[in-house]
Amino acid sequence: MRCPVFDEPHILALAALASSDGGQDPVDGAIRAASAHKAISDAPKLVKFVPFDPAKKMSEATATDSTGGVQRIVKGAFSAVIGLAQPSPAGAAAAKELEGKGFRVLAVAVGQATALKLAGLIALSDPPRADSAKLVAELHDLGVRTVMVTGDAPATAAIVARAVGLDGAVCPPGPIPESVHPEKFAVFAGVLPEDKYKLVKAFQKGGHTVGMCGDGANDAPALRQAQIGIAVSTATDVAKSAAGMVLTEAGLTGIVAAVKEGRITFQRIMTYTLNAIIKKIVTVLFLVVGLIMTGHAILTPLLMVIVMVTGDFLSMSLTTDNVRPSPARIRGASAA
């Protein structure tokens, strides 16, 4: 979708100037790659680049055109960019239509510093993995409440959420309430990076154990705050450093496996602990009954030590007990 003044190659060229070069942002990489395949001869020359600001939801660049004129180029979320540019009813309608189809919409505006015009829209398609719905359902069966937290528009987020099996309500855009609960909303859209941190804090305040899955540097505070911070395989180094667990494969398979393995380990620990306590109680009762019946200790201290040590060695086999992960719902377990 574009304005008559700019064709697709020129829109991509402008967007590429406002995209980071050599960074870890897949969106900027995709835009620069698309622009390279449709290069133009009169592309503006980059003078200054301002990286993406999560708070403003946009990046910008200063460039000179073929006539030597200075241009300001802004690329980012449509709602943020259109607030700086001249009103465009056609652009707003096109953005709404694209968001309704599940696309992530970026706007590109260009012009003088205080007189920007909407150059065009870039629709990004990032469909969920084919196994996402199955894995979300599996987490639900394990008693883990899953919510989606994204900076995308609510319409786009709702379509993606339904595709992966999250059928709950969408939280209205705006500040995160302090008393929000994961059972109330399934999708939190249009959130800022600091909102993710606040959301984790709000869930924890409600007595929930929170697992946060993220990939960007802006997710680091929330990953650090959550009881279980999970960085995906393609996450930035900052996110991996803040997380407590790093997935080595794409998708949510590692999260499901971690939940199951954690419950299996917990059950084995409980089995070993209960077995050890019961055996100690049985040993004490045996000694007490023997003392009452015979009037003296029926085991010497050395024999008692041998019995206890032998019992402990036998109990060690319980650490490899073939147990199954508990399917019971755990109160307050959630993943963001």
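The values are calculated or read from the model by the stated rules, or taken from the named source; none is laboratory data. Keep in mind that what you see is a predicted model, and the values were worked out from it rather than measured. So basically every Cβ, Gly included, is an ideal-geometry build from the backbone, and we count neighbours across all protein chains shown. SASA here: full protein model, heavy atoms, side chains in, ligands and nucleic acids out. Shrake-Rupley method; radii C 1.70, N 1.55, O 1.52, S 1.80 Å.
So the values come out like this:
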read-out: Looking only at the range 212-265, and only at residues there that are more than 21 Å from Gly143 (Cα to Cα), more than 11 Å from the chain's Cα centre (by Cα) and of a type in the set (Val, Ile, Thr), the one that is surrounded by the most Cβ atoms within 10 Å (Cβ to Cβ); value: Thr236
read-out: Check on Asp195, touching a residue at least 12 places away in the same chain (Cβ under 8 Å), under 23 Å from Gly100 (Cβ atoms) and either open to solvent by 30 Å² or more (accessible area, probe 1.4 Å) or out of contact with any Lys or Arg (no Cβ under 7 Å at 6 or more places or on another chain) (or both); value: no
read-out: Long-range neighbours under 9 Å by Cβ, at least six apart or interchain, first residue touching a residue at least 12 places away in the same chain (Cβ under 8 Å) and more than 22 Å from Asp25 (Cα to Cα) within the range 38-67, second of a type in the set (Lys, Arg) and surrounded by 13 or more Cβ atoms within 10 Å (Cβ to Cβ); value: none
read-out: Conditions (1) crowded, with 16+ Cβ neighbours inside 10 Å; (2) closer than 30 Å to Leu46 by Cβ; (3) of a type in the set (A, V, I, L, M, F, W, C): number failed by Val144; value: (2)
